[in-house]
Number of protein chains: 4
Amino acid sequence: MRKVRIAILGGSGYTAGELLKILLRHPGVEIAAITSRQKESIADLHPFLYGRLERMCEPFDPDALVAQGVEAAFSCLPHGASMESIPPLLERGIRVIDLSADYRLRDPAVYEQWYKEPHHDLRNLEHAVYGLPEIYGDRIPQARLIANPGCYPQTAILGLAPLVAERWIDLTSIIIDSKSGVSGGGRTPKLTFHFPECNESVSAYGIGVHRHTPEIEQVLSDLAGQSVTVVFTPHLIPMDRGILSTIYAVPTRPITLSQLQELYRSYYRELPFIRLRQQPPATKDTAHSNFLDIFLQPVRGGRLVIVTAEDNLVRGASGVAVQNFNRMFGFAETTALLP
Amino acid sequence: MRKVRIAILGGSGYTAGELLKILLRHPGVEIAAITSRQKESIADLHPFLYGRLERMCEPFDPDALVAQGVEAAFSCLPHGASMESIPPLLERGIRVIDLSADYRLRDPAVYEQWYKEPHHDLRNLEHAVYGLPEIYGDRIPQARLIANPGCYPQTAILGLAPLVAERWIDLTSIIIDSKSGVSGGGRTPKLTFHFPECNESVSAYGIGVHRHTPEIEQVLSDLAGQSVTVVFTPHLIPMDRGILSTIYAVPTRPITLSQLQELYRSYYRELPFIRLRQQPPATKDTAHSNFLDIFLQPVRGGRLVIVTAEDNLVRGASGVAVQNFNRMFGFAETTALLP
Amino acid sequence: MRKVRIAILGGSGYTAGELLKILLRHPGVEIAAITSRQKESIADLHPFLYGRLERMCEPFDPDALVAQGVEAAFSCLPHGASMESIPPLLERGIRVIDLSADYRLRDPAVYEQWYKEPHHDLRNLEHAVYGLPEIYGDRIPQARLIANPGCYPQTAILGLAPLVAERWIDLTSIIIDSKSGVSGGGRTPKLTFHFPECNESVSAYGIGVHRHTPEIEQVLSDLAGQSVTVVFTPHLIPMDRGILSTIYAVPTRPITLSQLQELYRSYYRELPFIRLRQQPPATKDTAHSNFLDIFLQPVRGGRLVIVTAEDNLVRGASGVAVQNFNRMFGFAETTALLP
Amino acid sequence: MRKVRIAILGGSGYTAGELLKILLRHPGVEIAAITSRQKESIADLHPFLYGRLERMCEPFDPDALVAQGVEAAFSCLPHGASMESIPPLLERGIRVIDLSADYRLRDPAVYEQWYKEPHHDLRNLEHAVYGLPEIYGDRIPQARLIANPGCYPQTAILGLAPLVAERWIDLTSIIIDSKSGVSGGGRTPKLTFHFPECNESVSAYGIGVHRHTPEIEQVLSDLAGQSVTVVFTPHLIPMDRGILSTIYAVPTRPITLSQLQELYRSYYRELPFIRLRQQPPATKDTAHSNFLDIFLQPVRGGRLVIVTAEDNLVRGASGVAVQNFNRMFGFAETTALLP
């Protein structure tokens, strides 16, 4: 199998660590470089790597990456920083999968509204492909720049896509109540994520103003062919990883459970990472995997409840990034993703 | 201060342990008896009690309780068992606070529908008072039998009461998404609550069919003066204690944040255990206390989001039981409840 | 009951929060002032206080404290800062209980060796009393300055005191293996205490060099009447609070379990917070209490294993501080400490 | 690569689940059968398997296994049950890796002393090989029956082997203080492992009497060439998986850190799963891997402290089982074990 030489930008955070874990088992990948402002051994940053990968992180230098034969780069930089580093890579012909939020929102005005700063790379934004393979799968193979989807949006979008695409639900009725493990908040120490603060506790945050909201709405609007607005409430759960989203919607006409299940089965046919579950999933069922589990339940009063579960670091970030990579470089979609 | 001699029925579970912790600091209570099928020292059942309370549990015997001068009994028995043990106590003039679900639903047909067995004590059911002091406070002092409210229902009812009573929301739009610590599932070992199963995981359960649903609907219907139906989804969170409920509703007319806050402030005036919070509460803020915290937030699309938090074992069970006891026996409402 | 007006220095950390919780139920205490560099409401710093105590923290000003009639101050400042703030209070006649390590080590050279900075207040150091009531109880009532003991040292010292005082063990054989919840590391965010780092993990730290070692050795040497050296290894456990210490020693002659138990029972007679347990304690048995539990077990090969458990924030810090306060000001020893 | 057809006996527990996860990525394995008394789909028992492996468990039938071409069986049955099921397999030429304790102790009298029942299969016990590849590696390729080592013993033995083999320590001085995640207690619900009991708590158990003690002593005695007795204390830690062992020993002569490290480096040369760490390991560094990490530290008073860490389900059970399988069937030692 041919080896694609890749680089990882920003090696110190959780998504980079998870990405390395996946790429180490990818038979078609050679890790050429890992960049970081911390000039440290990558195994000192991620001790699980001792004995597997012990090399120094290097400063970001686009020409050096070209010289090392890098064909693809995964950016694990924070938003804002990502759109500074990516343009010089694209210019040099390196294809990029960006795990930050920088290229997810097509409309720069929406970006500025939610991220409180103007977008700095309008030229590339225009050509970025939103990398949710189950929805935009046919656009991924040719993409030069993938905007890897957010962790929460995947659970919301994939839980709703068939119903929205088919207009089986009232598009003004959507409520997404999400519960996430703490790794979703990143690796920078903050009081909110200090163990004795968030352990043994659950809380809501970003009520009505979380930045993943416009991302969910953009894709659902694409699917509906009209503007969709949602209510989205994220919660912090005392666990390392996992997202469970409980989604509520009002159907436009009575739907039976078997109709629902048939709709989803048909919509997600032959997509290897979507699992339709007969019982409500626990996030633990998806831990360390790229699966996204979906459970469907009509309830009293004619409402629908949809529960989705994923691992926020794998399916929600680094796993789907490799899924995109596989589609971009012609590998089987599940390569390195069924460990 | 005069001492009321009390008994606890069913001493081995979490609510009994929590109740003992509270009653040990109550200056107006003398613990006369603790019953249990397990003929054990209460401190062996609840090791935190060593050095505080070391006495044997005794078999349930109503006449013995009378002989011991018991005036009030707290039943910590499971539902079904509670309505077997309570009638002989009431007959003997002992007032009862029942922490089980047996006397919460006024309509025995509703009880049978949700609990899958007929109600066995219709005579006392008729006179039972639903012991939510913030709603039915004036009926509690005279009550002979208090149906202590469920843990989830309190977070739902108290989060919605002002809006429902004032009809500021569409009564068909209510969604309650609740997250509970594991102690809410009781102390009997089950695979679901086995540490390596529920730790590091979150899941929904009882979707659309949880038994606390009719309890919520009964009180909201009382407040509305018409039948109210809700969507209620409980979730299991990897923590010992705490419930957070995120509640969604559609207002019948535009409401500002300050109108909302004024409505709640006025509705809960002089009720010592309701805290209106300016930031979303964490369940940890309420841990080991009898407070119920409420946060109000109008969001995009004209929806309302209400977040409530409590300690499921204190406010959700044993604390509110003592709050009811205080009202029944003329103690200040906060006695033993501000530790 | 007369009220002692007290001040708390450094209100933002965990020990201050715990102290406030205890003092709010102390009938002989009036909280006159809370100092902090963060000019914030104390309830914003510790949200569980909403509805109980909502006042602003104030800058540290010794004269203002005198003007407010403060008789006693609890210093919750970090070591180093404590010995800067305490001298002006003592000069003004305010008695001080210092929860930091600054006055625990009698020998300033030992302080400098372990804390890597010279001691700045030798004059008061000389008169400080090590505030472990079960060992130095008779010196506490007259003390002007109490060095409140460390969390780990209490579990080690109280687990060993009878054996060391009676010379039943080889004084060179002592090994103390301690396990602590994360709150022991304080409230300042650090990567070590970032939830996804320390959750689901256990690790040893400070092996052979932890600063609580000389504190343990100082008291054991007092008890033995000769110099005692110990091996002490602390570990970080993914839980909020609690310390379990497993202590190993070689007896100087064969000892039976009943001899052991009799020795400890006699040594700790009439001390209300020491519980001799018949089964190995779990830290949870002591959570939120001032109890220190001790379990004794001779094992194969003639060794002794002693297990001790405490709540590191209560017994290990703020609870024992109030126990000291009670002895200093003539309150019953258990006042406010059996909630 | 040729495929070895294997069977798993007792598919419902944690070690079976972990084994399936590993074997699914083993290119030389075909899972022919999974037995269980619960006639259920294996994915219903282990929901993470949905989409990977969905087949029914079958009753145990040795002839059926032969008919299915099974060459090797992994027994995940509890001790006692294992030695009932294994003899008929060995008779039929199926090689067995037993994850229970049944064939670990060579002396049946020792088995009976610690397990409180006589051994029932003395004939096969005689030929069983203790499957710790780093110690008995050359005996594994020919073995018909492997006694897979216990989780705790591996951390103790591999932490001590070089020192014991070289007699650098006093063999009467060994103390092993181990901390384990809850999955080590198995999957059967018990009050001890009920979430609200063991969460937020740490406790010691089996002090001086844990069944892994004779297993540790047997191997250390082999290495020393004389009888070795140890003090071993296991503790229950509120986390899913991981064991950290802190080991104390008295050297027979002064040893420097570099001498220690050189000894271990040399002893474990070319063994792919032993990592000598320069910093104390966290169990999380080894999570989901087959690595066993070792940290060495001479401390004050001339003692040695050795810290070892592993994943109790992988390295401590199912991973080392596959490591043994690889040696038995001629696969590279790390096959399927570096995911």
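The values are calculated or read from the model by the stated rules, or taken from the named source; none is laboratory data. No experiment lies behind these values; they were computed from the predicted model shown. Cβ atoms come from the backbone with ideal geometry, glycine included; neighbour counts cover every protein chain shown. Quick note on the areas: whole protein, heavy atoms, side chains included, nothing else; ligands and nucleic acids left out. Shrake-Rupley method; radii C 1.70, N 1.55, O 1.52, S 1.80 Å.
Some observations on this one:
- Chain lengthening between C:ALA332 and C:SER41 when straightened (0.36 nm per residue, less Cα-Cα): 101.6 nm
- Calculated FRET value between D:GLN142 and A:GLU30, using beta carbons and R₀ = 56 Å, to 0.05: 0.90
- Equivalent ellipsoid semi-axes, the range B:190-272, via Cα gyration tensor eigenvalues times 5, rooted, Å: 32, 18, 13
- Label separation (B:VAL110 vs C:ASP170): 7.3 nm, computed from points 7 Å beyond Cα along the C-beta direction.
- Take each residue of peptide C:274-284, count the partner chain Cβ atoms within 10 Å of its Cβ, and average: the result is 5.
- The mean count of C-beta atoms from other chains within 10 Å of the C-beta of residues in D:15-28, rounded to a whole number, is 1.
- Look at the stretch D:51-57: the mean tally of other chain Cβ atoms within 10 Å of its residues' Cβ atoms is 2.
- For D:VAL299, inter-copy separations between label points set 7 Å beyond Cα along the Cβ vector come to 1.5, 5.1, 5.3 nm, shortest first.
- Phi angles across the range D:59-72 convert, under the Karplus curve 6.51 cos²θ - 1.76 cosθ + 1.60 with θ = phi - 60°, into 3J(HN,Hα) values of x, 6, 8, x, 5, 4, 5, 4, 4, 8, x, 5, 9, 9 Hz, Gly and Pro given as x.
- Percent antiparallel among DSSP beta bridges (both partners in chain C, rounded to 5): 45
- Helix A:213-224 and the long axis of chain A differ in direction by around 60°, with both axes built from C-alpha atoms.
- Teacher prompt: A:GLY137 distances to equivalent labels in other copies, 7 Å Cα→Cβ, nm: 4.5, 6.0, 7.5
- The range A:180-272: trypsin sites (Lys or Arg not before Pro) in DSSP coil with no more than 13 other Cβ atoms inside 10 Å: A:LYS190, A:ARG269
- Per-selection Kirkwood Rh - the range D:152-312 (Cα, Å, 1 d.p.): 16.2
- Look at where the Cα atoms of the range A:224-285 and of the range C:158-187 average out, and the two centres are 53 Å apart.
- Amide H contacts of B:ALA101 (H built 1.01 Å from N, under 5 Å, at least 5 apart or other chain): B:HIS79
- Reachable lysines from A:LYS3, criterion Cα separation under 21 angstrom, eight or more residues apart if same chain: A:LYS21
- DSSP beta bridges confined to the range B:4-127 are antiparallel in about 5 percent of cases.
- Note on A:ILE255: accessible area is roughly 20 Å² with a 1.4 Å probe, heavy atoms of protein only.
- In this calculation the C-beta distance from C:ALA64 to C:HIS127 is compared with R0 = 25 Å, giving a FRET efficiency of 0.50.
- Cα gyration tensor, the range B:4-127 - rounded (a/c under 1.5), prolate or oblate: prolate
- Alpha carbon convex hull of the protein assembly as shown, projected area averaged over orientations, nm²: 50.3
- For the range D:152-312, accessible area per residue (1.4 Å probe, heavy atoms of protein chains only), Å²: 29
- In order through the range C:101-116: 3J(HN,Hα) via Karplus (6.51 cos²θ - 1.76 cosθ + 1.60), integer Hz, x for Gly, Pro: 8, 4, 10, 7, 9, 5, 8, x, 5, 5, 4, 5, 5, 8, 9, 6
- DSSP beta bridges fully contained in the protein assembly as shown are about 45 percent antiparallel.
- Of all chain B C-beta atoms, the nearest to the rotation axis linking B with C is recorded, alongside its rounded Å distance, as B:PRO339, 2.
- Estimated buried accessible area (total), pair B and C, 1.4 Å, Å² to nearest 100: 1600
- Sorted from longest to shortest, the spans of the Cα atoms of the range B:274-339 along the three principal axes equal 48, 21, 17 Å.
- Across chain D, Cα-Cα pairs farther apart than 39 Å form 11% of the total.
- Candidates A:ALA143, A:THR188, A:LEU163 compared by Cα position along the dipole of the range A:141-193: farthest toward the positive end lies A:THR188, with charges placed on Cβ.
- The listed residues D:PHE329, D:PHE195 rank as D:PHE329, D:PHE195 when sorted by accessible area, largest first, using a 1.4 Å probe.
- Between B:GLN278 and B:SER221, the FRET efficiency from the beta-carbon distance, with R0 = 35 Å, is close to 0.65.
- Rounded, prolate or oblate (a/c below 1.5 giving rounded, otherwise prolate when a/b exceeds b/c) for the range C:237-316 by Cα gyration tensor: oblate
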